[in-house]
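Peer 1: What follows is a single structure, and I will ask about it in a moment.
A short reminder: the numbers here are calculations on the coordinates, not readings from a lab. Just so we're clear, the structure is a prediction, and the values are computed from it rather than from any experiment. All Cβ positions, even for glycine, are placed from backbone atoms using ideal geometry, and neighbour counts span all protein chains on display.
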Amino acid sequence: MSNSEDYAGDIDVNEAWDRLWNDPDSVLIDVRTKPEWNYVGLPDLSTVNREVLCCEWQVFPAMDRNADFAAEIEQAGIAKDAPIFLLCRSGVRSKHAAILLTSQGYQRCYNVAGGFEGDKDESGHRGKTGGWKFAGLPWKQG
């Protein structure tokens, strides 16, 4: 796990899953776009009796940053001291979201490194070298 003053740090997908499994106050926020949720899939938290909170960091198709992101998270009623795990495709957007939420007073915002699909492999494809799906963690088609 790497730490930063700007957010709680990076954790891998397996550690995120373990924490979600063991801490009923923990929250998973998927910051990808609606098409990604619908066509690539979503983490499935049904075994821990929770739902993934989906909130776009960038709005498809223009991919402009969602100016309402922090307000949407606040409206969801997440406690400021809850462990929050932020996930995107590979861990870039979710890191920015973790930094923003930390600046808004959320105390334990973690970036899920590797994201849902992981980094690109030598052929330029995702899903083969890391991430939620590659780790065999529960997921469902959106």
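Peer 1: In nm, what is the difference between 0.36 nm times the number of residues separating residue 121 and residue 92 and their Cα-Cα distance?
Peer 2: Residue separation times 0.36 nm, minus the Cα-Cα distance, leaves 8.8 nm.
Peer 1: If I take R0 = 25 Å and measure r between the Cβ atoms of residue 38 and residue 104 in this structure, what FRET efficiency does the formula 1/(1 + (r/R0)^6) give, to the nearest 0.05?
Peer 2: About 0.35, to the nearest 0.05.
Peer 1: Which of the aspartates and glutamates could be linked to residue 80 by a straight reach, that is with a Cα gap under 16 Å, when you skip same-chain ones fewer than 8 residues away?
Peer 2: Filter leaves 6, 23, 25, 72.
Peer 1: Tally the DSSP beta bridges in the stretch 2-136 and give the antiparallel ones as a percent, rounded to 5.
Peer 2: Looking only at bridges with both residues in the stretch 2-136, the antiparallel portion is about 25 percent.
Peer 1: Averaging sequence separations of C-alpha pairs under 8 Å and six or more residues apart, then dividing by the length of the stretch 1-113, give the relative contact order as a whole percent.
Peer 2: Relative contact order, the stretch 1-113: 35 percent.
Peer 1: Here's a follow-up. Taking the Cβ of residue 104 as the center, what net charge do the other residues with Cβ under 14 Å away carry, scoring Lys and Arg +1 and Asp and Glu -1?
Peer 2: It works out to a net charge of -3.
Peer 1: Can I ask one more? Quick one: if you stick a label point 7 Å off each Cα along the C-beta vector at residue 21 and residue 135, how many nm between them?
Peer 2: With each label point 7 Å from Cα toward Cβ, the separation is 1.0 nm.
Peer 1: Could you calculate, for the stretch 2-136, the ratio of the Cα radius of gyration to the Kirkwood radius, expressed as Rg to Rh?
Peer 2: Result for the stretch 2-136 is an Rg/Rh of 0.94.
Peer 1: Take the Cα atoms of the stretch 1-77, find their three principal axes, and give me the spread along each one in whole Å, biggest first.
Peer 2: Principal axes ranked by extent give 37, 32, 24 Å for the Cα atoms.
Peer 1: Once you put a point 7 Å from the Cα of residue 71 and another 7 Å from the Cα of residue 128, both along the Cβ direction, what distance in nm separates them?
Peer 2: 4.3 nm
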